[in-house]
Each structure stands twice: as structure tokens, then as C-alpha cells.
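Reading through the C-alpha cells given below for one structure.
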Amino acid sequence: MSDKSTNIESLLKEKRIFEPPEEGRAAAWVKSLDEYRAHYRRSMEDPEGFWGDRARELVTWDRPWDKVLEADFHEPSIRWFSGARLNVAANCLDRHLAVGRRNKAALVWQGEPEDDVRVYTYQRLHTEVCRFANVLRKMGVGKGDRVSIYLPMIPELPIAMLACARIGAVHSVVFAGFSAHSLENRIRDCEAKVLVTADAVLRAGRTIPLKPNADEALRNCPSVSRCIVVRRAGNEVAMEPGRDSWWHDEMAADDITDRCEPESMDAEDILFILYTSGSTGKPKGVIHTTGGYLTYAAHTTQWVFDLKDDDIFWCTADIGWITGHTYIVYGPLALGGTSLMFEGVPTWPAPDRFWQVVEKFKVDIFYTAPTVIRALMREGVEWTRKRDLSSLRLLGSVGEPINPEAWMWYHQHVGGGRLPIVDTWWQTETGGILISALPYATPLKPGSATLPLPGVDADVFREEGTPAPPNEGGHLVVKRPWPGMLRGVFGDPERFRTTYFERFPGVYDAGDGARKDEDGYFWIMGRLDDVINVSGHRLGTAEIESALVAHPAVAEAAVVGMPHPVKGQTIYAYVILKAGVEGTDELRAELRTHVRKEIGPIASPEVIQFSSGLPKTRSGKIMRRILRKIAAGDYGDFGDTSTLADPVVIEDLMAGKKALL
Ligand code: 6R9
């Protein structure tokens, strides 16, 4: 039986309910299911009142709004807090200085080497951000200009983001695991003026040079005039005179002061762009704006993670993804919280590294991904037992559906059988969590993201655009705007409309499959489009296919997701070689290296099957459904194959797959 069917079976069988803990409930931001329901009801009956109140409670505005919400999902156009003005960095830093948090830890950074620890108080973080903002201003960066940031998980990354926010520049963070080619595409798309990068990434004891990728990318990026390089590893790097300079030199310059007036921004000015894979070959630059995003980040951090002043909050994501943007940087800092940032990986130098970090800093709230839990689960319980995890109060999960086995392990071995787990469903596009339990209010069903947050009008639609009855699978949609939602796709308004608002007019289509059970609980089934979720990271099949066909040996390629016990899904590529080329293991290795170079290591196919044809309809469309089944080793029922141009292809593909094993 494949892993997929095991998971689906156990999901369907899953009936256990875990009530919220009593301990912690009295002090919680939301204390009961009744309280949640009251908030929910109000948010639906009077959304502007509800969001106006939250925005006033959580954010400091330079000027109030004229109107809370003006939106039309048909056009689509979405405006929150029209006319209001604010600065995000001032909200994340300055205002906390005045209320007694000056000397509180804002950011606790644990580097990969055990002894590399830096603690930034709010005062110190403010100083660093102001100085770097001044560096950017000196280089001619101003309001609306784009700055690309290609950095590992070091404090300079959030400092650079907040510095952009301070002067009204738009940041575009590119995950440091992406290749030169991916970086180049992202810089070119947003026409960044400046790139911030580092000499190298430290990962699992190795030093992986990063600057050469930046150099390669910048060869074709005429918009970039300056490149600022952080020294992390101390390895030798080439510096291009006139273009490149060191972060530490720029920050130490005589004319760089600790003072930098924040730019007062319109609520709808762009805060950042973050690229994410879609179902075409080109990643989309998802646009988030200032007022709505910050309100939503603060709101969800407070309610979903029940963040209190004394907590240490550790979100293990990389800041190169939306989860790190919202729940390492903007949410916790907007609330004046303490955010832990970790440079390393879960299993190096040993599989207890995460638990060692929890023990060392007495982490209260821990937020990670199912793939991490499954990987650590395989290492055995001796690693969790070795460490004192008693500081933990609340656990979270994000990135993909969490299978009940992993949920139970997390609950038992990390949560000591007592802690609530918030399984949070959301996307790059949503800016923050949309469907999740509230830890002291919502009874949990392992494997379910539970209920929509207040203000979130989520539903499951049938193909024809009507609500699906309980327990029938369909399309996950959101029927009204929320403040944290994307405002567009950078440079491509048409793609914004067609991707999210076309299938169901007037409704946001998330691209995920889901069902709602008899209690209204959501069970997310995964992507319905051609996006693969590998270890919680989104990858477009079209992107990988175009990387493959760019190789001189390849005539055609089709890529699908295959179930994987740790990564959730992994990449399975069907490759048709050009005439006369032989499909050897060496060529497989070469193609993998090629994809790593084109996109990044996460996109490298786990399996490459050379084949002579693909299952195509008579109109030439590849039937991916069939390819997915063969990849999963599920040869039972291919469904309707009557439109196939050449049904024999299926036999060939099955034989080819068996020969691989
Ligand atoms: C935050 C983030 C978004 C896609 C999303 C869905 C999947 C995320 C999930 C989940 C089931 C959860 N996803 N959280 N599926 N349960 N709790 O991951 O953003 O990288 O844009 O990915 O991830 O398929 O559509 P992003």
C-alpha cells in the first residue's frame, strides 16, 4: 500500500478529539470556544467594526483611515484602511522603546555553531535598523525602490528587511537555497536597485559559498547598481570595485548615524514582494502592503500563538519563505515579543539539535513543519527524552497536511501529551494564518486545521461553484477579503485575476483541495494545481520541466509529485531523451545537477524515469493524473483513458517504472 493511501485511510479513520488544556486558559487571549464563536459572529456581521478595532488595538497609526475596507473580488481590487498612514519598522521597534521594552530581547539568534549567539534588545535592533536604513538611503534607495535580499538565516536578514520598511523601500527576500538563475529571475522581475547578500551559508558543518551565485546572477541584472555583502563565514570572495562593498564597512562609515526618520507610508503602499511557484514556469511576485499585512501579522500571532510578553517564540522556518516573514519578523516584533531565530538544521550535529535549542533558551512556543516532525520521528524518541522540553506551552505546524501519526508523535513526545497543537493552514498569498485552532479554545482533531479564524469566510466549493455538503471534497475558497491578503502579482495584474478570482467569480480560490466535516472542521487535502509540496516548499512542475528541457539531452519532460514518507511529496520526472541519447545513470546524475543549478537543491528530482512517450490526449495535453499514479506505484484504476492518443504508452511507462525498482 502506498504512503498516500495509508495517510488517507488514517485521516478518514481519525476520530480522536483533544480538548484545550485548562492550564493557561485563564490568561489566554481567547479563552473558550464560546469566545471564539462570539468573535467569529461579530467579524461576519460587522467586519469593518471587527477589523477596525483590531487595527486600533495592535498597530500605531500616523493617521487614521477614512474607510476600513473597499474591495471587489470581481475586478479584483482590495483596499484596507484607506487613507491611513503608518511605518512598519516604527511599529516593530520605535513604539516599544517608549513603553518599557527598550532592554527587552527582540531577537535571540542562535547560529549554527553552538557558541554563536547574539541577542538584540529592542534598542539595539532599532540602532542597527536605523544605521542600515541610512546605508540604503546613502546609496540612493528611496520610497518604492526594490531591494533584493539573498541571505542565510543571520540577523542581518531581518535588519535589512526592517531597514527597507523604515525608508519605504520594497524588499524581495530570495531564499538562500535558490540558485543563481532563480535569483536572477527574481531580481530582473522586480528590477531591484540593490542586492544584499553574504559570503557564504553555514549548513550542517559545511561552508557553502553564496557570493558566487550573486555574481553570476548580477551579470544579467542591469538594474542593480550596488551589492552589499555580509561577512558570515570569512571565506575568500571576489568583490567588484564600484559595485560591491562590505556590510560592516558601510555600517561603520562616519556619516552613518543611529537616527533615521521613518517614512510615513500609505496603508496600501507595498511593504514587500515574495516570489512563489505557481502552475506556470514563472514564479509570481506576490505583493503585500503595509497596513493590512501588519495588522494581520500581529493579530494572528497574538491569537493563534497566544503570544505574551514573557514568551520566547520560535518559528523554525527560513525567513526566505512567507512563514519566516510573518512569524519570525513582523508578527512577533509588532507585538513587542521575543523571537528566536536559528541558523542551523534539525539534525546537525545530532538529531536533538532542535530540542537542545528549546532547552537552552526555554522556548515557550514552537512552530515547525510536518516534514521536520516526520524526519525527527524516524530518529527515535531517545532524542526528545535527552532534553528538558518542559518550558514548552504550545506547539504549531505549517506547510502541509500533518498526518495523524506525526501529530500524535508531536503531541506525545514533544508536547508531553499535554500541549495544544495548532495546525495552521495558510499561503504566501494569504500573508498570515487563515484556518487554525486557537490553542485554549478549539477542541483538536489530529490531521485537521480545524476552524477558520474570526474574519475568515472560508468554504469548500464544488466544481460548479456551489458549497459542497459536509465531507465532500472540493475547492478551498475564501468568500470575503481579509487584511493580510495579497494585493496583486508584481507587474502582472492579469495573472492576479486569472489565478485567484477566475474559477469562482467573486471568490478567492486558494488552489487547495479540502473537505469540511459535520462539525465544520476543515481537512486540507493538498494542491489541486500543478504545484508540488516538497518538505512544505512549493515548487511548480512547469518550472522544473522547463529546467529539464533546457538540457541538451532532453526532448521533453513531465514532472509530478510522488508521496514520500518524510518530505510529504517528492519530485518524479519522466524524461524523453533526444534521438540517439542513451539514458544512463550518469545522465540521471547530470540532470539532477542541472536542475539544482537552474532552480536550487530542493527542486532536484528524486526519481528520473527515461521513457519513450507520455500519456497525452488527442489535443496534446499531458494526463498528469496517470503519471502521478504510476509514480506512486498505484496501477489499479487509471480512470477514463478514452481520450488518450496512444493508450500503449501506459504499459510502457509501467514497465519502465518497474525496471527502476
Ligand atoms: C504558509 C505556507 C502554501 C501551501 C498551501 C497548502 C500547503 C500550508 C498547510 C498546508 C495543509 C496546512 N499548506 N499549510 N496544507 N495543512 N496546515 O506554507 O505558504 O509556501 O505559500 O505554501 O502549502 O497546499 O496552499 P506556501
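If the condition is being among the hydrophobic types (A, V, I, L, M, F, W, C) and either assigned to a loop (DSSP other than H, G, I, E, B) or open to solvent by less than 10 Å² (accessible area, probe 1.4 Å) (or both), then the stretch 267-282 contributes A267, L271, F272, I273, L274. Among the residues of the stretch 122-155, the ones that are touching a helix residue (DSSP H, G or I) at 6+ places or on another chain (Cβ under 9 Å), of a type outside the set (S, T, Y) and not in a loop (DSSP other than H, G, I, E, B) come to 17 in all. Only a single criterion out of (1) among the charged types (D, E, K, R); (2) surrounded by fewer than 21 Cβ atoms within 10 Å (Cβ to Cβ); (3) in contact (Cβ under 8 Å) with a residue 40 or more places away in the chain is not satisfied by R186, namely (2). Going through V554, V549 one at a time, which residue ends up being free of Cβ contacts under 8 Å to residues at least 40 places away in the same chain, away from the ligand (no atom under 16 Å from the Cβ) and buried (at least 18 other Cβ atoms within 10 Å of the Cβ)? Sole residue among the options that is free of Cβ contacts under 8 Å to residues at least 40 places away in the same chain, away from the ligand (no atom under 16 Å from the Cβ) and buried (at least 18 other Cβ atoms within 10 Å of the Cβ): V554.
In the stretch 449-459 there is no residue that is outside any helix (DSSP H, G or I), acidic (D, E) and surrounded by 24 or more Cβ atoms within 10 Å (Cβ to Cβ). Would you be able to say whether some residue in the stretch 286-298 is open to solvent by less than 20 Å² (accessible area, probe 1.4 Å), among the small types (G, A, S), out of contact with any Gly (no Cβ under 6 Å at 6 or more places or on another chain) and within 16 Å of the ligand (Cβ to nearest atom)? No, the stretch 286-298 contains no residue that is open to solvent by less than 20 Å² (accessible area, probe 1.4 Å), among the small types (G, A, S), out of contact with any Gly (no Cβ under 6 Å at 6 or more places or on another chain) and within 16 Å of the ligand (Cβ to nearest atom).
Restricting attention to the stretch 388-405, and to residues there that are small (G, A, S) and in a loop (DSSP other than H, G, I, E, B), which single residue is farthest from D364 (Cα to Cα)?
Taking the stretch 388-405 first, the residues small (G, A, S) are 390-391, 396-397, 399.
Of the ones still in play, those that are also in a loop (DSSP other than H, G, I, E, B) are 390-391, 399.
On the way: S390: 9, S391: 5, G399: 21 Å.
Checking each candidate, the answer is G399.
Of all residues in the stretch 636-661, those satisfying the criterion of being part of a helix (DSSP H, G or I) and of a type in the set (A, V, I, L, M) are V648, V649, I650, L653, M654, A655, A659, L660. Taking the criterion of being more than 15 Å from L395 (Cα to Cα), near the ligand (Cβ under 6 Å from one of its atoms) and either part of a loop (DSSP other than H, G, I, E, B) or open to solvent by less than 10 Å² (accessible area, probe 1.4 Å) (or both), the residues of the stretch 423-438 that qualify are W426, Q427.
Residue by residue, here is whether (1) over 30 Å from E75 (Cα atoms); (2) open to solvent by less than 10 Å² (accessible area, probe 1.4 Å); (3) modelled with pLDDT of 95 or more holds:
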| residue | (1), (2), (3) |
| --- | --- |
| Y508 | no, yes, yes |
| K516 | no, no, yes |
| T541 | no, yes, no |
| E545 | yes, no, no |
| A558 | yes, yes, no |
| A579 | yes, no, no |
| T593 | yes, no, yes |
| F610 | yes, no, yes |
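Please verify whether the stretch 364-380 includes one or more residues that are at pLDDT 95 or above, more than 16 Å from the ligand (Cβ to nearest atom) and surrounded by fewer than 17 Cβ atoms within 10 Å (Cβ to Cβ). Within the stretch 364-380 (the criterion being at pLDDT 95 or above, more than 16 Å from the ligand (Cβ to nearest atom) and surrounded by fewer than 17 Cβ atoms within 10 Å (Cβ to Cβ)), the answer is no, since none of the residues qualifies.
Each residue in the stretch 439-468 was checked for being over 22 Å from A26 (Cα atoms) and either among the aromatic types (F, W, Y) or away from the ligand (no atom under 11 Å from the Cβ) (or both), and 17 pass.
Applying the set (1) in a loop (DSSP other than H, G, I, E, B); (2) under 26 Å from R538 (Cα atoms) to R596 leaves exactly one unmet item: (1).
From the list F361, F342, F354, which residue is more than 15 Å from the ligand (Cβ to nearest atom), touching a residue at least 40 places away in the same chain (Cβ under 8 Å), under 30 Å from D115 (Cβ atoms) and open to solvent by less than 20 Å² (accessible area, probe 1.4 Å)?
Details: F361 fails: open to solvent by less than 20 Å² (accessible area, probe 1.4 Å); F354 fails: touching a residue at least 40 places away in the same chain (Cβ under 8 Å).
Exactly one residue qualifies, and that residue is F342.
Just the residues that are within 15 Å of the ligand (Cβ to nearest atom) and part of a helix (DSSP H, G or I), please, taken from the stretch 406-422. Scanning the stretch 406-422 gives A406, W407, Y410. When we screen G633, G613 for residues that are within 18 Å of G561 (Cα to Cα), over 29 Å from the mean Cα position of the chain (by Cα) and part of a loop (DSSP other than H, G, I, E, B), the only hit is G633.
Being away from the ligand (no atom under 14 Å from the Cβ) and not in a helix (DSSP H, G or I), is that true of even one residue in the stretch 520-527? Break it down into steps so the answer makes sense when it comes.
Going through the stretch 520-527, the residues away from the ligand (no atom under 14 Å from the Cβ) turn out to be 520.
Still in the running and not in a helix (DSSP H, G or I): 520.
Scanning the stretch 520-527, I find at least one residue that is away from the ligand (no atom under 14 Å from the Cβ) and not in a helix (DSSP H, G or I), so the answer is yes.
Taken together, W65, W29 contain a single residue that is at pLDDT 95 or above, assigned to a loop (DSSP other than H, G, I, E, B) and under 13 Å from A267 (Cα atoms), which is W65.
Mind listing just one residue for me: the one in the stretch 385-405 that is open to solvent by less than 10 Å² (accessible area, probe 1.4 Å) and among the small types (G, A, S) and, of those, farthest from the ligand (Cβ to nearest atom)?
The residue in question is G396.
For the stretch 454-507, a residue qualifies if it is within 21 Å of the chain's Cα centre (by Cα) and of a type in the set (K, R), and the qualifying residues are R487, R495.
I'm trying to understand the selection: among the residues of the stretch 136-152, which are hydrophobic (A, V, I, L, M, F, W, C) and farther than 14 Å from E191 by Cβ? Result: L136, M139, I149, L151.
The values are calculated or read from the model by the stated rules, or taken from the named source; none is laboratory data. The structure displayed is predicted, hence computed values, not measured ones. Note that we place each Cβ from the backbone using ideal geometry, even for glycine, and neighbour counts take in every protein chain shown. Each accessible area value is taken on the protein alone, full model and side chains, heavy atoms only, with ligands, DNA and RNA left out. Shrake-Rupley method; radii C 1.70, N 1.55, O 1.52, S 1.80 Å.
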